[in-house]
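Written out below as structure tokens is the structure these notes cover.
Just so it is clear, none of the values below were taken in a lab; they were calculated from the coordinates. Quick caveat: nothing in here was measured; it's all calculated off a predicted structure. Cβ sites come from the backbone with ideal geometry, for glycine too, and all protein chains shown count toward neighbours.
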Amino acid sequence: MSEQDNILSEITEPTELSDIETLRHSCAHVMAHAINRLWPGSQFGIGPTVENGFYYDVNVPVKLTPEDLPKIEKEMYRVIKFNAKFVRTEHTIDEAIEMFTKMNQPFKVEIVKTLRDQYQAKTVSTYQENDFIDLCRGPHIKQAGDIKAFKLMSLAGAYWRGDEKNPQLQRIYGTAFLTKEALDEHLHLIEEAKRRDHRKLGKELDLFAFHPESPATPFFHPKGTIVYNRLVQYVRDMYAYYDYQEVITPQVFDSILWKTSGHYENYKDDMYFIEVEEREYAVKPMNCPASTFIFSAHKRSYRDLPLRYADFGRLHRNERSGVTAGLTRVRSFCQDDAHVYCTLEQVESEIDKVIDMILKTYEVFDFDLSEMKVFLSTRPEKRIGTDEMWDQAEEGLKRVLDKMGRPYGINAGDGAFYGPKIDIKFKDALKREWQLATVQLDFNLPDRFDCNYTGADNANHRPVVIHRAVLGSIERFIGVFIEHVAGAFPFWLAPVQCRLIPITDAHNSYCDEFAKKLRSLGIRYEVDSRNEKMGLKTRESQMQKIPIMLVAGDVEMADGSFAVRKYGAKDSQVMKADEILAVLAEWNDLPKKPFRK
């Protein structure tokens, strides 16, 4: 929620909140009441609801620590026990200023004056619960006793109204749920998220690392590079099915190009610039303008279209250090990026194909398609192109979504500066939403770079460009997917797919011979022939989340078999060597099956 939204949340008329948001909003009020009882004279800023909870910015006469949170919770339970009703009262602006001035609540006085001066409010409302009064437009639950399940989560610092020139307040985060069971599940998911954190698992599994010499830019280690390249190969296999052509384009362009494309005006703050021979150049943050040169390299006919150009070019964006986060927000990354040049009549069928790619892909990666959410993101305030172009593009995407037959939402003003887009969000195993795949429709790019094709009427026409990504940023997808599967990659994607463990040195050659057969199938393996105890070897294999462990002793060697143990399983299953090879080859082939003609 923005600072303006937080201020607006204090205007008189109650807003529309869901039951859970109303409960959390009321819990924030009770928390402020408890703080005022513990530290009389505390001053209060704003206390809005946020995703999965609420917070309150407070000026308390002590420096709060995490050890104070249980103390505040205990006092909240005392407040709740009174079961006082929430009573709403309207006040004129002057009455409110006088009241909060007497209460020594300068932040509330400032809010009231802001509402008067910037939003022309005539009245404001307060809610009183027992002897505690707070400025708020509501709504609240009927009485405090209806709060049954809450938890204070953490502390942070926050400048008043987000301005570092203002006093720094202490921000207390909390959450509340309608039932204790729902709260327990939420707390469990938080702990599970810590366990699955891709930054933690990336280090433990030796996948990638970050270094201050190149901040917010990952270094992929050999195992992480295998995962990275396997994802790229998956996309290339998919391209063969959908008739894409891969291209390679430069990393650095004269700033003239970015001025032509509109990025210089609309995206300059997020770009890296260099000067060469007194000319300004920029490292590309996006691939799209480069594809126009390839399209225009030859005279194009309507018979040539659609042309589907895929580009794995490395991109650089000047993300601020405060928003970078592991692999999910980096400064250097690669997308499974593509640009489809087509006629206006081909737009819907081409987007249908892109949607098909997306659905097949996320099924392969075991995301629940029933939880998928689709949004049409429309024209932002800061944009290029005419209203007619935007009307045409938005209507085109709307027709595609209507034909899909799936419900979709509208993200007003959230489109790219050059065109509207379809954003698709998936929930991971922890029920968190991620925006990964995207489809964007662009009438501006071919117009700005004078791209033409000869139509059936022998006249020149502008193509339409569809920007699309299925995985999105490869780096970001890896981060999300690590947490989705808790680091236990599916067999075909795992850096090490099999670990062979001979029980004694006498079984080494048997394992080595089988390893040659695995290599011939392109299966990635390790042979652990160390002189260590079996318990240590099996435990390390499980800790590395290797999908398959193959153990061989006298019995297995005599029988031409292995004791096969899947990752996470407690028991092993004895299988013949040839049977193992057939099963592993099939598992390794799984991602190609949806894209075979």
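Which of VAL112, VAL485 comes first, and how do the rest follow, when ranked by fewest Cβ neighbours within 10 Å?
In increasing order of surrounding Cβ atoms, one gets VAL485, VAL112.
Mind giving me the FRET efficiency for LEU155 and ASN130? R0 is 25 Å, r the Cβ-Cβ distance, nearest 0.05 is fine.
Computed FRET efficiency for LEU155 and ASN130: 0.50.
At 0.36 nm per residue, minus the direct Cα-Cα distance, what do GLU579 and VAL252 gain on full extension? Give it in nm, one decimal, please.
Using 0.36 nm per residue and subtracting the Cα-Cα distance, I get 112.6 nm.
What's the local net charge at ASN130, with K and R +1, D and E -1, over the other residues with C-beta under 11 Å away?
Net of charged neighbours comes to +2.
I'd like to know how segment 218-354 sits against the 2.2 N^0.38 Å rule of thumb: what's its Cα Rg over that expected value?
Dividing the Cα radius of gyration by 2.2 N^0.38 Å gives 1.19.
Using 0.36 nm times the number of residues separating LYS425 and LYS63, minus their current alpha carbon distance, what extension gain do you get?
126.3 nm
Once you keep just the Cα pairs under 8 angstrom separated by 6 or more residues, what percentage relative contact order results for segment 498-595?
28 percent
Once you have the Cα-Cα distance between SER349 and ASN318, take 0.36 nm times their residue separation minus that, and quote the gain in nm to one decimal.
7.6 nm
Helix 180-196 sits at what angle to the longest principal axis of the chain, using alpha carbons and giving 0 to 90 degrees rounded to 10?
Relative to the chain, helix 180-196 is tipped by roughly 50 degrees.
Among LEU17, TYR77, ALA310, pick out the residue whose Cα is farthest towards the positive end of the charge dipole of the chain, where Lys and Arg carry +1 and Asp and Glu carry -1 on C-beta, about the Cα centre.
Toward the positive end, the furthest listed residue is TYR77.
To make sure I understand the rule: partners must be lysines, Cα under 18 Å from the Cα of LYS398, and not fewer than 8 residues away in the same chain. Which ones qualify?
Cross-link targets: LYS353, LYS373, LYS421, LYS425.
Using Cβ counts within 10 Å as a stand-in for footprinting exposure, how do ASP146, ASP391 rank, fewest first?
ASP391, ASP146
Could you run the Karplus curve 6.51 cos²θ - 1.76 cosθ + 1.60 with θ = phi - 60° over segment 35-42 and give me ³J(HN,Hα) per residue in whole Hz, x for Gly and Pro?
Going residue by residue, I get 5, 5, 6, 6, 10, x, x, 4 Hz, with x marking Gly and Pro.
Compute the long axis of helix 474-484 from its Cα atoms, compare it with the longest principal axis of the Cα atoms of the chain, and write down the angle in degrees, 0 to 90, nearest 10.
80 degrees
Choose one of THR89, PRO420, PRO61: the residue whose Cα lies farthest towards the positive end of the charge dipole of the chain (beta-carbon charges +1 Lys, Arg; -1 Asp, Glu; about the Cα centre).
PRO61
Using the beta-carbon distance between ALA558 and ALA193 and R0 = 35 Å, what value does 1/(1 + (r/R0)^6) give for FRET efficiency, to the nearest 0.05?
Efficiency at R0 = 35 Å is approximately 0.15.
Take the Cα atoms of segment 159-305, find their three principal axes, and give me the spread along each one in whole Å, biggest first.
Each principal axis gives a Cα extent; for segment 159-305 these are 67, 48, 36 Å.
Give the residue from TYR341, ASN266, PRO106 lying farthest towards the positive end of the charge dipole for the chain; charges sit on Cβ (+1 for Lys and Arg, -1 for Asp and Glu) and the dipole is referred to the Cα centre.
After comparing all options, I get PRO106.
Considering Cα pairs under 8 angstrom that are at least six residues apart, work out the relative contact order of the chain and quote it in whole percent.
Once normalised by length, the contact order is 10 percent.
If I take every Cα pair under 8 Å that is 6 or more residues apart in segment 201-484, average their sequence separation and divide by the length, what percent do I get for the relative contact order?
20 percent
Could you give the size of the charge dipole of the chain about its Cα centre, using +1 on the Cβ of each K and R and -1 on the Cβ of each D and E, expressed in debye and rounded to the nearest 20?
That gives the chain a dipole magnitude of about 1040 debye.
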